[in-house]
1. Over all pairs of distinct alpha carbons, what does the Kirkwood formula give as the hydrodynamic radius of the range 3-58, in Å?
2. Dipole size in debye (nearest 20) for the range 3-58 around its Cα centre, Lys and Arg Cβ +1, Asp and Glu Cβ -1?
3. Short version: ³J(HN,Hα) in whole Hz for each residue of the range 24-29, in order, from phi by Karplus 6.51 cos²θ - 1.76 cosθ + 1.60 (θ = phi - 60°), x for Gly and Pro, what are they?
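Since every read-out is calculated from the coordinates, none of them should be taken as a lab result. Model, not experiment: these values are computed from the prediction. Every residue, glycine as well, gets a Cβ built from its backbone with ideal geometry; the counts of neighbours run over all protein chains shown.
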Amino acid sequence: MDRVRRLSQEILQKYPGMFGTDYTANKAQLAKIATVHSKMIRNKLVGKITKAMIAASADAEEGKAEAGQEIEQGAGAEPVAA
């Protein structure tokens, strides 16, 4: 695993609620908690963090949609085989 991916995962584990899906806001948040001397490394870190947060929010939305479909089927209805 490369250094940027490992660092971004460590940052997300240590500060789980600090980042969102906005790249610019995430850049400001990273500046509050870390000093990254390399502009290229900082931008790659923020990009990985933002991409992970977007994927996490998409997974959450997908989970909500699936839960909504289960509720619409009703308690007595049998699930439809795909």
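1. The Cα-based Kirkwood calculation yields 11.0 Å.
2. 260
3. Rounded to whole hertz, the list is 5, 5, 5, 5, 5, 5.
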